[in-house]
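Following: one structure in structure tokens, then a few remarks.
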Amino acid sequence: MLKIGLTGGIGSGKTTVAKVLEVLGVPVYYADDAAKQLMNTNEALKQQLISNFGKETYFENGELNRKHLAAIVFNSKEKLALLNSFVHPATIADAQEWFSKQTAPYVVKEAALLFESGTAEGLDYIIGVTAPLTIRLKRVMNRDHVPAEEVKRRMANQIDEQLKMKLCDFAVHNNEQQLLLPQVTALHNHLLQKAKEATL
């Protein structure tokens, strides 16, 4: 079974590509969603966050106070790095457990910070989803209802788009000019062939 990474800058459309792959029958692990869930369910992780970011990090019902945490980490690279140093190991362990239960020819791990977190190690191939900055800005502003400055601040926490794409084995161009579905379908068939070759 091949392990494939799927990444891209904020607003690139990597989740859209992941959803297409799911429709094609590929199991997808959404690392960002898993991280959010683990911050609510993993007791050891919760205690680390409370110790470092205050008891206000969680509401009285035990749910994560996202606004409180975001206000701290998105204004400080050091605090964001600290948060990631707790969340990434928990997510990596969770992903490994998920991988061990899969039986498909290939599986996909979708993660925004695939390279930044060091979780690209151990993956067979990496797909990068790319889109022009203007399109990415517009998408995130519309999706999250935030101003351009906020989106740019989030983007600053990710490695440069061009550098990220150079580190990837395959590229999907989600630029509203090239059709997305034919690109993903062709890549899916290519990866199925690669998975078949790996078993020979």
When you go through 103, 91, 134 one by one, which is the residue that is assigned to a helix (DSSP H, G or I) and farther than 21 Å from residue 42 by Cβ?
134
Is there a residue being among the aromatic types (Phe, Trp, Tyr), under 30 Å from residue 199 (Cα atoms) and touching a strand residue (DSSP E or B) at 6+ places or on another chain (Cβ under 7 Å) anywhere in region 48-68?
no
Quick one: how many residues across region 124-170 are touching a helix residue (DSSP H, G or I) at 6+ places or on another chain (Cβ under 6 Å) and either under 12 Å from residue 12 (Cα atoms) or loosely packed, with under 15 Cβ neighbours inside 10 Å (or both)?
6
Taking helices (runs of 4 or more DSSP H) that do not extend beyond region 12-71, which have at least 2 residues that are farther than 30 Å from residue 136 by Cα?
43-53
Just one listed residue, out of 21, 64, 45, 49, is over 18 Å from the mean Cα position of the chain (by Cα), under 28 Å from residue 99 (Cβ atoms) and buried (at least 19 other Cβ atoms within 10 Å of the Cβ), and it is 49
Are any of the residues in region 27-40 more than 16 Å from the chain's Cα centre (by Cα) and over 24 Å from residue 174 (Cα atoms)?
yes
Can you tell which of 148, 186 is closer than 28 Å to residue 75 by Cβ and free of Cβ contacts under 8 Å to residues at least 24 places away in the same chain?
148
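Readers should treat all values here as calculations from the given coordinates under stated rules, not as data from a laboratory. Here the structure is a predicted model, which is why all the values come from computation and not from measurement. Here Cβ is always computed from backbone atoms with ideal geometry, including for glycine, and neighbour counts include all displayed protein chains.
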